[in-house]
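Following: one structure in C-alpha cells, then a few remarks.
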C-alpha cells in the first residue's frame, strides 16, 4: 500500500523488504483488471443477448427460386413477347418490357451450345446478372459430368477394365437430330469408308436403340463416337460422361480442342480426332488398338484413381443455385453483354 506522511509517500514493507512504488502500481492494476473481467463474464452469462462476436453463425437464409422458361421456347413454338397491358386493357403499372428489381439475382441457365441458343441478343441490357451453365467461367459452374478422386487408388478392382469378351463390335454411335450440315455427320461419312460404324438413334441411318438400353448396347463395342452436335468451349456433354465412360467404351471425341478436354479428364482417357492428320489415320489407329489388347486397356487406367459423376437434371442446378446464393450473400454482380460472353 501507499502511506501518506509529512515526508511524502513512503514505500511499504513486506517481509522486512521494501517494494518499489512501481511494483505496487502494477499489482493494483492487475487486481482491478481481474475484478473487471469477473464482472464482464458474469454479465455475459446473465445477459439474454450475447455480444455480436460471441453469437453462433447465423442459420442459412431461405432462398426463393423462380423458374422462368420464356423466351427459351421449345421446338415448333414461337417466342411470345411480354404484352403491353396499358395499350390492350388500359391497366397501369405494367410495362411492356421486363425489368429486374434492384438487388435480385436473375440467373441465366442454359445447357445448350451457342449454336443451339438463338436470340441471345434480346436478353442483353443487364437483364441477367448471373450465369449457370456447363461453361467453367459461369457464375455457377454445373458441368454435364466430372471425375472425382476415389477414396483410395485401386490396383485391379473388379470391373476396372470392361470385359473384352462381350465386346463383339468395334465402333458405335448413338445420335439424334441428324443434320448433314453438322461436322460430326460429315466426319462419320468419311470414317465409314474405312471401318464399320453401327449407328443407333432417331434420324439418319440409325437403327432403334435395343430394349436393353443405351449403356448396355454401347458396352458391346470397343469404341464410342462421342461427337458433339457443335464445337464450343467446354461443351462436353453426356456423350462422353455417360454414353462412353459409364458404358465402358473408349470415347473418340469430336468437340472442343484436346487441351479443353484435358482440363477435365486425363489425356489418356480418350482419343481426339484432331490427333490424326486425316480420317484414314484415325481408322488405322482404331484397328491397331483392336488387335493389341494391352494397348487398348491403357485407356481405362484412369479408373484406378477416379470415378464418374453424371449431372442430375434438374435437381443439381437448383441446389447449386441455392448454394451459390448462400455463399455470395449481398455481393453485387452485373453482366452487360450475355451474348458476347456466351458466343465467344
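Using Cβ counts within 10 Å as a stand-in for footprinting exposure, how do 309, 272 rank, fewest first?
Values: 309 14, 272 20.
So the ranking, lowest neighbour count to highest, is 309, 272.
Rounded, prolate or oblate: which fits the stretch 138-239, taking a ≥ b ≥ c as square roots of the Cα gyration tensor eigenvalues, rounded meaning a/c under 1.5, else prolate when a/b beats b/c? Write down the numbers at each step before the final one.
Details: a/c = 2.09, a/b = 1.19, b/c = 1.76.
Oblate, since a/c reaches 1.5 and b/c is not below a/b.
Need one number: nm distance between label points at residue 331 and residue 177, each 7 Å from Cα along Cα→Cβ, rounded to one decimal.
3.2 nm
Mind running the shape call on the stretch 145-310? Use the C-alpha gyration tensor, a ≥ b ≥ c as the square roots of the eigenvalues: rounded below 1.5 for a/c, prolate if a/b tops b/c, oblate otherwise.
Numbers: a/c = 1.43, a/b = 1.32, b/c = 1.08.
Taking the square roots of the gyration eigenvalues as a ≥ b ≥ c, the stretch 145-310 is rounded.
List the relative contact order of the stretch 221-295 as a percent without decimals, with contacts defined as Cα pairs under 8 Å and 6+ residues apart.
Values: 85 pairs, mean separation 20.7, N = 75.
Result for the stretch 221-295 is 28 percent.
On a full-extension model of 0.36 nm per residue, what is the gain between residue 298 and residue 322, subtracting their alpha-carbon distance, rounded to one decimal in nm?
Values: separation 24, 0.36 × 24 = 8.64 nm, distance 4.01 nm.
Going from the current span to full extension adds 4.6 nm.
Calculate the spin-label point distance for residue 309 paired with residue 136, positioning each point 7 Å from the Cα along the beta-carbon direction, and give it in nanometres.
Distance between the two pseudo-spin positions: 1.6 nm.
Each value in this text was obtained by applying a stated rule to the coordinates, not by laboratory testing. In this text, all values refer to a predicted model and were calculated from it rather than measured experimentally. Methodologically, a virtual Cβ is constructed for each residue, glycine included, from the backbone with ideal geometry; neighbour enumeration extends over all protein chains shown.
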